[in-house]
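The structure appears below as structure tokens.
We did not get these values from a lab; they are worked out from the coordinates using the rules stated. As the structure is a computational prediction, the values presented were derived from the model and not from experiment. As a convention, Cβ positions derive from the backbone with ideal geometry for all residues, glycine included, and neighbour counts pool all protein chains shown.
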Amino acid sequence: MSQSPHPASSDHSPYADLYQQHARDLLRLIRRQVFSHEDAEDLLVEVFLAALESPVPLTLRADEQRAWLQRVAHNKVIDYQRRAVKRPTVVLNDVLDTPFDIAHGSPEQAALHAEELELLRARLARMPELQRTVLHLRFGRGLPTKEIAQMLNKSDEAVRALLVRSLTFLRRFYTTHEEDQVHGTSR
């Protein structure tokens, strides 16, 4: 078995090994589906808390452990996304009209926020109208997908698929944009 990357650590438990072997890949998996790095890290903690509470992972082979942890991570992400949908939403136009919002503190922070909103507007403008409409109805007006489906004369599954495609498009943009900022490049 390989040595832990933290040899000074005196806690060499099977759960520590499990974490060392799988945490990086699980975090990467979660980050593909969760915008906030902090939320992704919190979900990773929840995954390993579930592993601590269950005797199952330690009875499995390494590949089975990975699959079990990925399944738990997937379920935690779904729970997170469901909670996110139920949170109150702010109408985008209300935010766009107040560039010096109290939450932004300084004029520099407000300018950065305005720039981010402009990038979001540009990305939304590139999306097909139907996808923009579905996003607006779901997150701007808070309508359930079944009601949106009735309004647009589509099936609930089709509306859900449109939402997934739209959010994936935006997620890719923000992931790429974050990487560009870290590496000092621009697209």
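Observations on the structure shown:
- Label-point gap, in nm, between E116 and E38 - each point 7 angstrom along Cα→Cβ: 1.1
- Spin-label model distance (nm) - R123 vs A62, 7 Å beyond Cα toward Cβ: 3.6
- In terms of overall dimensions, region 14-61 has a Cα radius of gyration and Dmax of 11.2, 33 angstrom.
- Gain upon complete extension [S13, Q150; 0.36 nm per residue less C-alpha separation]: 43.9 nm
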